[in-house]
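Asker: Before I ask anything, here is the structure I am working with.
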Amino acid sequence: MVRGAGGIALHWIQPGKPTQNAYIERFNGSFRRELLDAHLFRSLAHVRQLVEEWMLDYNTQRPHQALHFMTPLEFKQAA
């Protein structure tokens, strides 16, 4: 355990144990499959444009299993 700024404790996952951080592993897999593996980028501006579009979809339009298959916006409004 490492103490970071503001007294936040950082806990590193053990090597070879991705299930200790399943949410970020799921996100990384989706990001890799749906964006990085799906496109040939022409420029850094092209990367930024596609990432912005993907993030907008991921954070507003897409239902998430962890949110009982609601979009983040629907989940926020229901709370």
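Asker: Could you check, for the stretch 30-48, whether at least one of its residues is at pLDDT 95 or above and among the hydroxyl-bearing types (Ser, Thr, Tyr)?
Answerer: Among the residues of the stretch 30-48, at least one is at pLDDT 95 or above and among the hydroxyl-bearing types (Ser, Thr, Tyr), which makes the answer yes.
Asker: Every residue in the stretch 20-41 that is without any contact (Cβ under 8 Å) to a residue 12 or more places away in the chain and exposed (fewer than 10 other Cβ atoms within 10 Å of the Cβ), please. Before you say what the answer is, go through the steps one by one.
Answerer: Going through the stretch 20-41, the residues without any contact (Cβ under 8 Å) to a residue 12 or more places away in the chain turn out to be 20-22, 24-29, 32-33, 36-41.
Within the stretch 20-41, Asp37, Leu40 qualify.
Asker: Tally time: how many residues in the stretch 42-56 are closer than 20 Å to Ile24 by Cβ and surrounded by 12 or more Cβ atoms within 10 Å (Cβ to Cβ)?
Answerer: Number satisfying all stated conditions: 3.
Asker: While we're on this one: Within 16 Å of the chain's Cα centre (by Cα) and acidic (Asp, Glu), is that true of Glu34? Give the steps one after another, and end with the answer.
Answerer: Working: within 16 Å of the chain's Cα centre (by Cα): yes; acidic (Asp, Glu): yes.
Yes; evaluated as a whole, the condition is true for this residue.
Asker: Let me ask something additional. So Lys17 clears everything in (1) among the charged types (D, E, K, R); (2) in contact with a helix residue (DSSP H, G or I) (Cβ under 9 Å, 6 or more places away or on another chain); (3) loosely packed, with under 12 Cβ neighbours inside 10 Å except one condition, right? Which one?
Answerer: If we test Lys17 against (1) among the charged types (D, E, K, R); (2) in contact with a helix residue (DSSP H, G or I) (Cβ under 9 Å, 6 or more places away or on another chain); (3) loosely packed, with under 12 Cβ neighbours inside 10 Å, just (2) comes out false.
The values are calculated or read from the model by the stated rules, or taken from the named source; none is laboratory data. Keep in mind it's a predicted model, so treat the numbers as computed, not measured. Positions of Cβ are generated from backbone atoms using ideal geometry, with glycine treated the same way; all protein chains shown enter the neighbour counts.
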